[in-house]
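Visitor: Dropping a structure here in structure tokens format, bear with me for questions.
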Amino acid sequence: MSRKFKKRPTKRPLTFPCLSLVLPLLMAGILTACSQGAGTGEPPLQAVTKELDTPLPGEAHLRAFTVVQDLESEDFVPVSPQHVPRSPFSDLSVPTYITRTDDTYFIVDCYHNQVIYHDNLTDPLTEWQVLTDEIDRGHTIASDGVVYLVDDTEGNRILVFEKKEGVFYHTQTLDGVGNRPHYIVYDAPTDTFYVWSSMNGEMYLCRHDPGDSRMYLTEVRTVDALKDTYVRSFTIEGDDIYFVSGTPGTPAILQADLSTFTVRKTYPVPDEMAGMIQLTFAGGYCYITVSTDITGSQDCATILRTKHLKNLADGKYEDIYAHFIGGGTPYYISLIDNSYYLTEHRIPGHAVWKFDITKDGVEHVEAVY
């Protein structure tokens with residue numbers, strides 16, 4: 001093994017203020033949290049205390065990812081960027097996610113079992129290069145700028161890629177990741193990749209040490225209320241994490257504490273939007289993509305927006321799918337350079353959309369691919 005995978009800092013440098021500063025702030029936080037719950041009929045928020053000396057992932061973990069290829073090894077053979085295969089398809093088949101890291105765009109082409117990448121969104125898809133075709137119905141990709149994690153949904157795996165001299169290499173794998181891992185998010189404040197197992201309510205937390213790309217599974221959390229429900233995504237918003245419901249199950253959106261996954265609030269939703277895909281907070285509104293109703297019918301596929309989640313149960317929301325022609329199945333929404341992107345299927349020639357969200361709603365909608 002190379003130094004890259006062997007080197008381990010023994011202790012995370014202390015980045016917290018001294019106790020004389022922390023204790024007053026902590027007490028103030030507890031008093032504030034208690035006052036927030038007073039007279040509202042809701043339980044007070046609990047203050048969260050972070051340990052001052054948290055072990056590095058390399059020192060405390062459940063499992064290490066398996067090393068597939070060591071880019072620093074003497075046996076490593078680099079590939080020329082020109083020799084990376086290009087996509088053999090001129091279209092997208094059920095695309096699920098689009099994102100950009102640095103100067104590179106990525107599209108997860110779910111039913112073509114590939115993730116492709118390119119430096120612009122104007123060239124034909126056959127000019128895009130293939131990051132991987134080792135996946136079976138993958139859905140998302142996430143990166144912290146060092147590693148790139150891709151879910152292999154039907155393979156119950158996470159594949160890790162690293163970039164060297166303009167080429168991406170599959171360097172690590174984690175097998176046995178729940179039941180159909182379906183959605184990955186990198187959250188910078190917690191320096192954690194959150195990987196959602198869509199069929200059994202499990203979240204896999206993955207990290208790597210600073211200055212080292214070796215990945216570790218550090219924790220598995222469970223949302224008991226979602227154990228038997230197909231849930232397609234989650235949304236991290238500040239100190240909270242939101243889970244949209246799927247089917248079967250009780251139609252609702254759950255708001256939980258990000259540090260503990262303790263459910264704080266439950267927002268019921270009508271049966272016609274039970275099979276939600278994703279919740280996005282933008283422009284002072286909540287945007288929700290919907291795949292099916294409670295019976296599984298895609299005739300209810302749409303995009304809704306509401307001012308407050310508590311309004312959903314009363315039908316206080318508006319259908320905005322007409323901005324995107326309508327009639328298909330909208331999927332995940334992502335943010336790139338202050339514009340939003342939507343993946344969609346069932347409508348040929350309208351697989352990826354770009355649009356803006358302003359105080360007036362959805363504007364400047366255009367089909368990209």
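The values are calculated or read from the model by the stated rules, or taken from the named source; none is laboratory data. The shown structure was predicted, so the numbers you read here are calculated from the model rather than taken from an experiment. Neighbour counts run over all protein chains shown; Cβ positions are idealised from the backbone, glycine included. These accessible areas exclude ligands, DNA and RNA; they are computed on the full protein's heavy atoms, side chains included. Shrake-Rupley method; radii C 1.70, N 1.55, O 1.52, S 1.80 Å.
Visitor: Out of (1) among the hydrophobic types (A, V, I, L, M, F, W, C); (2) open to solvent by less than 20 Å² (accessible area, probe 1.4 Å); (3) at pLDDT below 95, what's the single condition that is false for A225?
Guide: So the condition that A225 fails would be (2).
Visitor: Next question, about the same structure. Output the residues belonging to the stretch 167-182 that are open to solvent by less than 40 Å² (accessible area, probe 1.4 Å) and either farther than 27 Å from V244 by Cβ or polar (S, T, N, Q) (or both).
Guide: Result: V167, F168, Y169, H170, T171, Q172, T173.
Visitor: Something else about it: When you check L56 against the structure, is it open to solvent by less than 30 Å² (accessible area, probe 1.4 Å), at pLDDT 95 or above, within 28 Å of the chain's Cα centre (by Cα) and under 22 Å from F193 (Cβ atoms), yes or no?
Guide: no
Visitor: Does I325 count as open to solvent by 50 Å² or more (accessible area, probe 1.4 Å) and of a type in the set (V, I, T)?
Guide: yes
Visitor: Follow-up question, since we're still on this one. Quick one: is F243 open to solvent by less than 30 Å² (accessible area, probe 1.4 Å) and either more than 30 Å from Y169 (Cα to Cα) or among the basic types (K, R) (or both)?
Guide: So F243 passes the test.
Visitor: Now a separate question. Right, Y331: aromatic (F, W, Y), within 19 Å of L92 (Cα to Cα) and open to solvent by 20 Å² or more (accessible area, probe 1.4 Å) or not?
Guide: Answer is no for this residue.
Visitor: Out of the residues in the stretch 228-240 that are within 18 Å of S259 (Cβ to Cβ) and among the β-branched types (V, I, T), state the one that is most open to solvent (accessible area, probe 1.4 Å). Give the derivation first.
Guide: Residues of the stretch 228-240 within 18 Å of S259 (Cβ to Cβ): 234-240.
Then keep just the ones that are among the β-branched types (V, I, T); that gives 235-236.
Numbers: T235: 20, I236: 36 Å².
Among residues in the stretch 228-240 that are within 18 Å of S259 (Cβ to Cβ) and among the β-branched types (V, I, T), the one most open to solvent (accessible area, probe 1.4 Å) is I236.
Visitor: Just one of V150, V185 is closer than 22 Å to Q278 by Cβ, hydrophobic (A, V, I, L, M, F, W, C), open to solvent by 30 Å² or more (accessible area, probe 1.4 Å) and touching a Phe, Trp or Tyr at 6+ places or on another chain (Cβ under 9 Å); which is it?
Guide: After applying the criteria, what remains is V185.
Visitor: Between V195, V220, which is surrounded by fewer than 16 Cβ atoms within 10 Å (Cβ to Cβ) and part of a strand (DSSP E or B)?
Guide: V220
Visitor: Here is a follow-up. Given the criterion at pLDDT 95 or above, closer than 21 Å to F234 by Cα and over 20 Å from the mean Cα position of the chain (by Cα), identify the matching residue among K316, K310.
Guide: K310
Visitor: Follow-up. Got a number for residues in the stretch 256-269 being open to solvent by less than 20 Å² (accessible area, probe 1.4 Å) and either touching a residue at least 40 places away in the same chain (Cβ under 8 Å) or among the aromatic types (F, W, Y) (or both)?
Guide: Of the residues in that region, 4 qualify.
Visitor: Regarding I303, is this residue surrounded by fewer than 18 Cβ atoms within 10 Å (Cβ to Cβ) and among the aliphatic types (A, V, I, L, M)?
Guide: For I303, the condition - surrounded by fewer than 18 Cβ atoms within 10 Å (Cβ to Cβ) and among the aliphatic types (A, V, I, L, M) - is not met.
Visitor: Sticking with this structure for a sec: Would you confirm whether or not the stretch 121-128 contains a residue that is surrounded by 18 or more Cβ atoms within 10 Å (Cβ to Cβ) and touching a helix residue (DSSP H, G or I) at 6+ places or on another chain (Cβ under 9 Å)?
Guide: The answer is no; no qualifying residue exists.
Visitor: Something else: Which pairs do you get when a residue that is surrounded by fewer than 13 Cβ atoms within 10 Å (Cβ to Cβ), found in the stretch 339-352, comes within reach of a residue that is part of a strand (DSSP E or B), reach meaning Cβ atoms under 9 angstrom, with the pair 6+ apart or on two chains?
Guide: Partner pairs satisfying both residue conditions: G349/A367.
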